[in-house]
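Trainee: Structure provided below as structure tokens; questions to follow.
The values are calculated or read from the model by the stated rules, or taken from the named source; none is laboratory data. Model, not experiment: these values are computed from the prediction. Using ideal geometry, Cβ is built from the backbone for each residue, glycine included, and neighbour counts are taken over all protein chains shown. Note: accessible area is taken over every heavy atom of the protein model, side chains too, but ligands, DNA and RNA are not part of it. Shrake-Rupley method; radii C 1.70, N 1.55, O 1.52, S 1.80 Å.
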Amino acid sequence: MAKIGTQKTIEVEGIEYTLQHPGTRANAQIQDRTMTDKGVPSMEKMAEEIFKHVVVNPKVSFEYFDEHDGYEEVLEEAMKFLRSGK
């Protein structure tokens, strides 16, 4: 089954979020872009990439989560989805 374009809906704190898989190559590119100069992942960079490429509805940002609960759960679910496509 193809991962690219696959969608999943999750509900967090009463809000439905649609996740969309950007594909295996995009996943690898996201991982590359989120590494710091010391070779460790940056949580801030990863969240920005997830917000931009995986959470497609509603569009979210750090500022969005200043007004809404569920940042950690949405991010965790989106990261699992990005890795597995499920």
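Trainee: In the range 29-40, how many residues are out of contact with any strand residue (DSSP E or B) (no Cβ under 6 Å at 6 or more places or on another chain) and within 16 Å of Leu82 (Cα to Cα)?
Mentor: 5
Yes/no matrix, rows are residues, columns are (1) open to solvent by less than 90 Å² (accessible area, probe 1.4 Å); (2) more than 17 Å from Thr24 (Cβ to Cβ); (3) among the basic types (Lys, Arg); (4) out of contact with any strand residue (DSSP E or B) (no Cβ under 9 Å at 6 or more places or on another chain):
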residue: Glu44; (1), (2), (3), (4): no, yes, no, yes
residue: His53; (1), (2), (3), (4): yes, no, no, no
residue: Val56; (1), (2), (3), (4): yes, yes, no, no
residue: Val60; (1), (2), (3), (4): yes, yes, no, no
residue: Phe65; (1), (2), (3), (4): yes, yes, no, yes
residue: Glu72; (1), (2), (3), (4): no, yes, no, yes
residue: Met79; (1), (2), (3), (4): yes, no, no, yes
residue: Leu82; (1), (2), (3), (4): yes, no, no, no
residue: Lys86; (1), (2), (3), (4): no, no, yes, no
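Trainee: Could you list, in sequence order, the residues of the range 11-26 that are farther than 14 Å from Val60 by Cα and of a type in the set (A, V, I, L, M, F, W, C)?
Mentor: If the condition is that a residue be farther than 14 Å from Val60 by Cα and of a type in the set (A, V, I, L, M, F, W, C), then Ala26 is the only one that fits.
Trainee: Right, here's the next one. Residues in the range 13-30 that are in contact with a helix residue (DSSP H, G or I) (Cβ under 7 Å, 6 or more places away or on another chain) and surrounded by fewer than 17 Cβ atoms within 10 Å (Cβ to Cβ): how many?
Mentor: 1
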